[in-house]
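**Student:** The structure follows.
The values are calculated or read from the model by the stated rules, or taken from the named source; none is laboratory data. Because the structure is a prediction, the values reported are computed rather than measured. Every residue, glycine among them, receives a Cβ derived from its backbone with ideal geometry; neighbour counts consider all protein chains shown.
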Amino acid sequence: MSALPPDAPPPETPPLLPIPRLDVRWVHAGSQHLDLLPTPITAASTTYKAFVSEESSRIEDRWQTYADEERRKIVREWGSTEGEGAPARTKTKQTDKEKEGDKEKEKEKERRESVASSHSVDNDRLPTHPSDEHLNGEKANLNGDVKENGNGNGKVPEEGVIDPDHLGEDGDEQDLDAKYKDLIAKQQKEYENLEEIAGVPVSQDSLFEVSLPTLSLHPVFWSHTGPRVSVLRGTWFVSDETRPASWELAEEIERGYLEIKPWQPSYKHELAIAMALGPAGEEKLKYNLPAKFGSGLGIIFEDGEKGRLITTGTLTYISRAFWSTLRARPSGTYVYRGYGPAALASGKDKTEAASPGRSQTHSRRGSSSSQRSTVMEKSPSMHHRALSKDTSQKKDKSPEAIVKGLGLSAAETLNGVKKSVEGLSDDRRKGGPNVFSEDNRNAIEEENAPLVDSSEDDTPCTDLILVIHGIGQQLAAVYEAYNFVYAGNQLRQVVRKQSANPALASIIRDRRCQILPVQWRASLDLDGEKTDEDKEHGMDNRFSMSDITIHKSIPYVRELTNSVLLDIPLFMSHHRQKMIEAVCLQANKLYRLWIARNPEFEQNGRVHIIGHSLGSALVTHILSNQPTKMPSLTQLPKQVITGTRDRFLFNTSNLFLCGSPLGIFLHLEGAQLMPRKGRERTMRSPQDEALDRSGKFGCLAIDSLYNIFYFTDPIAYTLNAAVDAKLAGKRPPLAITSVTAPFYAPVTNSFSAISSYLPSMLGGGPSDKKPVRPGVIRLPSGIEMSGPHGEERLEGSRGERRFSALNPHGNVDFFLPSAGVSEYLDMITAHLSYWSDPSFAAFLLAEVFSTRLDIMRTGLGLARQAMQEGLAM
């Protein structure tokens, strides 16, 4: 193509375009926490995940309410080491081992420097790439640059630039980890103003909260353990959407972006000319970044959405010139402006990247984008081939062609550049051998989807289940694996899987439940106040369990005894009231936090309780003293809400006891189980059927009671006899049929039959036959329940009517099937197996969500009563 004549009019200048909107997306490093894993998190996540669009917008709106100076102060203190391109924070409090390690590192550094000074020529030939090393997490050399620039030469940072070397008032001397733990501990002790939401609620049912003053993510309804989970305002992303640039790097890149203006149409013409001139031309378009990010590091913007980080220097210039001769662009690391372009760069389509209701889950196994990025980081040549290879066109790089190219019109030049970029995009979309298909990627993301996720079209939660633990939680202070939070997560996962069962779905319909653990042991304070008599006689000797424990032998057994078995004598002592207060305070705190974040629940929701082990005895004492009906929180004065310590601030619908020793305590107290008049099935009960009285141990303010156990659970006891001892012999525990019958069940039955002929010393001998179950009724959930006549009714003798008033099945005891080979082996694990048992989870869902219409549809006894009430109306 010939050049334009000299007298040709210049091409029309396109109009200037406004600054493109920045797709800001807040991200967090707490994907493992939001997934609510049933096992402890042993390592902090290094991968960021974006909040969904609605959550990010709420966080951004709250962030904008802070003054500019306040935002910078927060970032200096809490965010200066977060994200790609941020220096590692230096620790000021070091142990002796760390100090010795630092001395060894210093000696090794001096030795290397001495070697480097004598072999400087060899070091210059090393094929290093400062930008790639820095952005891939190898920040050792960059930390030295930061110290030199920030502290060594005394330079003052530019105005408006966040300097991580100049922290808050305490500077590097402040131990942020200890400070954060203190803040979390203080927040956990807060009880007066729980109705005030300090942070930004996120996740389904607002289980988590973003604290902008500390730039962190933490749970709301249970204690946060482990290191701080950081959140970051994502504006520029490195390589893909899981690697946001640090606050300072993003701000500096944005400053260059606004200065270069790569979104203007004229910039494409300038870029085309620079590409034609090669590395020398690109140098003129490069925006140099401060030396603290790496020596010679700069960025070349390719358009209004992305740029390429490169470095300058003799070796780098030769390398770039070499790649130019191969008709390929030089190496570099791509950065993207906004979350949308970064998500598209990782292989996600536009609808997936911009979907407001779908979380951008980053697979724990590694998505196609993460695997592709890892391979490219390890192999620069593959990076060049995948991102920069242009084999569709062969351009003449001779000086004459370059001069002619300068004479082309802007439109022609732009068309050439467009074809080149389209070729690069095609090559990139084709990818390498590690690129997954879209179906495979979606399958992986769905498989690793978080357990909870916030969305505008979520089914509202209608039922809240509080789980009260038993003994042993003192061990959680030392061993994280014993933390009851993970048991709650385990049950939540199993319940979620069972709720997908089509049979249960016919009962659940458009309702949903949430499970929260009540960690009462962590808030239990056993220190007693000194009386005047003690002070008068000098009786001030106070000793702890550690003071009287024998430490010479079996330390783990001693620790197990002190942390687990001690709770039983505590319950039998004068400390019982303190344990009851601890349960009430923690459960009421959870309920107040829940209502503050779900205000409509108080009018339309119900609360259920699961009491495990000793927790079942504690909750029985509380519900015995509970009024028959509690008013709503909005009807109670603030002083009553904060001062109530011996009862719940909510009404309890169903009480599930599992692995419960309650029968022992009822026997010791000489008490019995009695229905409470004025509840769901006792509104018209006569005096001998239900008791209208609070404060009577065993007369619980609930609608239904279920005592669930394994026959092999050594802690569990039956409760039918506590209702009516004479009828208990005729009413055996009802069986909960296994929803996942194992394939080896026939083998287990055969082994049980054979074991009856073995000697008693080997666990054999005759065993008591379980009574034959009478008529079996199959509930819509797929769970079979049995009863004397397959129904319950508020008719018959006094004992029969009391059984019917306690739950719809006319029986209090229910047993779970055991799939073990030996009862003695099952005995070891049975007491802690409820949380992972799908049959237990399915039973919970069936009993929580079954309505009178469901009972009528399934033929249970309440149908007759419901029809009579309907006719009466």
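**Student:** Which condition number does residue 750 fail, the rest of (1) part of a loop (DSSP other than H, G, I, E, B); (2) modelled with pLDDT under 80 being met?
**Tutor:** (1)
**Student:** Give the residue that is surrounded by the most Cβ atoms within 10 Å (Cβ to Cβ), with candidates limited to residues of the range 710-731 that are in a loop (DSSP other than H, G, I, E, B) and free of Cβ contacts under 8 Å to residues at least 60 places away in the same chain.
**Tutor:** It comes out as 717.
**Student:** Name the residue, out of 476, 481, 487, that is surrounded by fewer than 17 Cβ atoms within 10 Å (Cβ to Cβ) and assigned to a helix (DSSP H, G or I).
**Tutor:** 481
**Student:** With the requirement that a residue be farther than 18 Å from residue 610 by Cα and in contact with a Phe, Trp or Tyr (Cβ under 8 Å, 6 or more places away or on another chain), what does the range 667-711 give you?
**Tutor:** 669, 671, 711
**Student:** Select from the range 45-82 the residues that are among the small types (Gly, Ala, Ser) and over 26 Å from residue 348 (Cα atoms) and write down the one among them that is modelled with the highest pLDDT.
**Tutor:** In this case the residue turns out to be 67.
**Student:** Looking at (1) under 26 Å from residue 189 (Cα atoms); (2) part of a helix (DSSP H, G or I); (3) among the polar types (S, T, N, Q), which one does residue 514 not meet, given that it meets all the others?
**Tutor:** Result: residue 514 passes all but (2).
**Student:** Hey, among the residues in the range 168-202 that are in contact with an Asp or Glu (Cβ under 7 Å, 6 or more places away or on another chain) and assigned to a loop (DSSP other than H, G, I, E, B), which one's modelled with the highest pLDDT?
**Tutor:** The selected residue is 199.
**Student:** Considering only residues that are in contact (Cβ under 8 Å) with a residue 40 or more places away in the chain and either not in a helix (DSSP H, G or I) or not assigned by TED's automatic domain parsing to the domain that holds residue 474 (or both), which ones fall in the range 527-566?
**Tutor:** 566
**Student:** For the range 593-621, what are the residues that are part of a helix (DSSP H, G or I) and over 14 Å from residue 518 (Cα atoms)?
**Tutor:** 595, 596, 597, 601, 602, 603, 604, 617, 620, 621
**Student:** While we're on this one: Here's a check for you: in the range 632-645, which residue that is over 31 Å from the mean Cα position of the chain (by Cα) and either modelled with pLDDT of 95 or more or in a loop (DSSP other than H, G, I, E, B) (or both) is surrounded by the most Cβ atoms within 10 Å (Cβ to Cβ)?
**Tutor:** Checking each candidate, the answer is 644.
**Student:** OK, next. Which condition number in (1) under 30 Å from residue 40 (Cβ atoms); (2) buried (at least 22 other Cβ atoms within 10 Å of the Cβ) is the one that residue 227 fails?
**Tutor:** Of everything listed in (1) under 30 Å from residue 40 (Cβ atoms); (2) buried (at least 22 other Cβ atoms within 10 Å of the Cβ), residue 227 misses just condition (2).
**Student:** Another question, if that's okay. Could you tell me whether residue 648 is aromatic (Phe, Trp, Tyr), part of a helix (DSSP H, G or I) and closer than 24 Å to residue 472 by Cα?
**Tutor:** no
**Student:** Cβ-Cβ under 9 Å, sequence separation 6+ or interchain: first residue in the range 661-680 and on the phi > 0 side of the Ramachandran plot, partner surrounded by 20 or more Cβ atoms within 10 Å (Cβ to Cβ) and at pLDDT 95 or above. Which pairs?
**Tutor:** Here the result reads 678/701, each pair linking the range 661-680 to a residue that is surrounded by 20 or more Cβ atoms within 10 Å (Cβ to Cβ) and at pLDDT 95 or above.
**Student:** If you take just the helices (runs of 4 or more DSSP H) that sit entirely in the range 217-322, which of them hold at least 2 residues that are closer than 25 Å to residue 31 by Cα, of a type outside the set (Lys, Arg) and out of contact with any helix residue (DSSP H, G or I) (no Cβ under 6 Å at 6 or more places or on another chain)?
**Tutor:** Correct list: 247-260.
**Student:** If you go through the range 221-252 one residue at a time, how many are among the β-branched types (Val, Ile, Thr) and modelled with pLDDT of 95 or more?
**Tutor:** 2
**Student:** Only residues in the range 822-849 that are more than 22 Å from residue 507 (Cα to Cα) count as the first member; pair them with residues that are among the acidic types (Asp, Glu), Cβ under 8 angstrom, at least 6 apart or cross-chain, and list the lot.
**Tutor:** Within 8 Å, the pairs are 827/713; 830/713; 831/713.
**Student:** Among the numbered criteria (1) at pLDDT 95 or above; (2) assigned to a loop (DSSP other than H, G, I, E, B), which single criterion is violated by residue 707?
**Tutor:** The one condition residue 707 does not meet is (2).
**Student:** Let me confirm something: among 261, 268, which residue is farther than 22 Å from residue 58 by Cβ, of a type in the set (D, E, K, R) and either at pLDDT 90 or above or out of contact with any Leu (no Cβ under 8 Å at 6 or more places or on another chain) (or both)?
**Tutor:** 261
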